[in-house]
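Structure record follows, encoded as structure tokens.
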Amino acid sequence: MRWKEDLVWNTFQQIDADIILKIKPSRRQANDVLAWQPEKSGSFSVRSAYKLALNELPDQCSFPTTSAHPGGDDPCWPVIWKSLVPPKVKIFAWKAVRNALATEANKKQWGMNVTGSKRFMCGYLNIISNVKYHSTEDIIKGKRDIDPDKSPPQQASPLSAKRWTKPPPGWVKLSCDGSVKTEDGTAGAGMVLRDEYGEVIFSACRQLLACDDPFEAEAYACEDGLRLALEWSEKPIIVESDCSTLISAVQATTQDRSQFMHLLYEIKLLVNVSRIVSFVKVDRSQLGLVTASQTLREQKLELIFG
């Protein structure tokens, strides 16, 4: 289903028409839902409401305040916040100017039980000391975690890429990837289905038209790959993607309200067939396919069966 572009252009102003035409309509003419525009997910959040309220406030707010400089023009603040020191030092200086440090005098003024706090901290330090010096099982009791003489853990080299792994017996594995070229707005999708022996059942790649969002490209790659996988294999499917946001959205049980809700709905319909479909988040190096970026470079449409 597509927009009647001539009608949209003739009805709305250009800036509004551009935004409307970017919305992907439902192929099944599903009902619309209310969405919270300031949040990308379409669901209301206190954080987005707070940011929206701040943006709506004038630069010089006239609300009553307890500050000695209600206009925010205290000469101390630029000195503190623009100083070339670590953030924790800035916070400490800010608290010191506002007399908000947790000194013993302030704690008493705030009604805190200073004596009780001291007892708690002393008891806590005694426990840590006992774990460090009197442990009979160093690793289990935590001595290794706080031992200052221990050598740092060995980290894997960032250059050693993880390799693709075969699916378990009786399963097939679908690797899908989407990519957007920000320079010119072109997008592409790639997908490969392999059996338990690592043999390719099919591989496909195509360009995506009117797609300028990386998440949308990943979703189209997943949808196209699932449709082909369900047609060319009767075994349970493991879907691999390097987009954790897409996997979370597909597995969510709540109503999706994002601008891609109809596309995600199509994927969920494919998942809810009489077949086991499992999603796994992997690194891009583990996808083991002709990436969507290569599809963009070569501008091709291919479907190859093993």
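Values quoted throughout were computed directly from the atomic coordinates according to the rules given, and no laboratory measurement underlies them. Computed from a prediction, not measured in an experiment: that's the story for all the values here. With ideal geometry, Cβ positions are generated from the backbone for all residues, glycine too; neighbour counts draw on all protein chains shown.
Calculated FRET efficiency, R275 and D184, Cβ-Cβ r, R0 51 Å, to nearest 0.05? The partial results should precede the final answer.
On the way: r = 38 Å, r/R0 = 0.75.
Plugging the Cβ-Cβ distance into 1/(1 + (r/R0)^6) gives 0.85.
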Inset, instruction - Quote to one decimal, in nm, the extra length available between D32 and I127 on full extension: 0.36 nm per residue of separation minus the C-alpha distance between them. - result: 28.4 nm
Inset, instruction - Sort 221-234, 194-207, 27-40 for me by packing, meaning the mean count of neighbouring Cβ atoms within 10 Å per residue, highest on top. - result: 221-234, 194-207, 27-40
Inset, instruction - Find out how many positive minus negative residues lie around T182, taking Lys and Arg as positive, Asp and Glu as negative, among other residues whose Cβ is under 12 Å from that of T182. - result: -3
Legend entry - Approximate spin-label separation Q251-D6, in nm, with each point projected 7 Å along Cα-to-Cβ: 4.8 nm
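Using 0.36 nm per residue of separation minus the Cα-Cα distance, give me the extension gain between K107 and A93 in nm, one decimal.
Working: separation 14, 0.36 × 14 = 5.04 nm, distance 1.82 nm.
Length gained, K107 through A93: 3.2 nm.
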Legend entry - Per-residue ³J(HN,Hα) for the range 184-197, Karplus 6.51 cos²θ - 1.76 cosθ + 1.60, θ = phi - 60°, Hz, x for Gly and Pro: 10, x, 6, 9, x, 9, x, 8, 9, 10, 10, 8, 5, 9
Inset, instruction - Can you check what the net charge comes to around V273, using other residues whose Cβ is under 14 Å from the Cβ of V273 (Lys, Arg +1; Asp, Glu -1)? - result: 0
Legend entry - Pairwise centroid distance, computed over Cα atoms, of the range 179-199 with the range 208-232, Å: 9 Å
Inset, instruction - Over 21 Å between C-alpha atoms is what I'm after, so list which of K166/K235; K24/K173; K51/K268; K51/K95 land there. - result: K24/K173; K51/K268; K51/K95
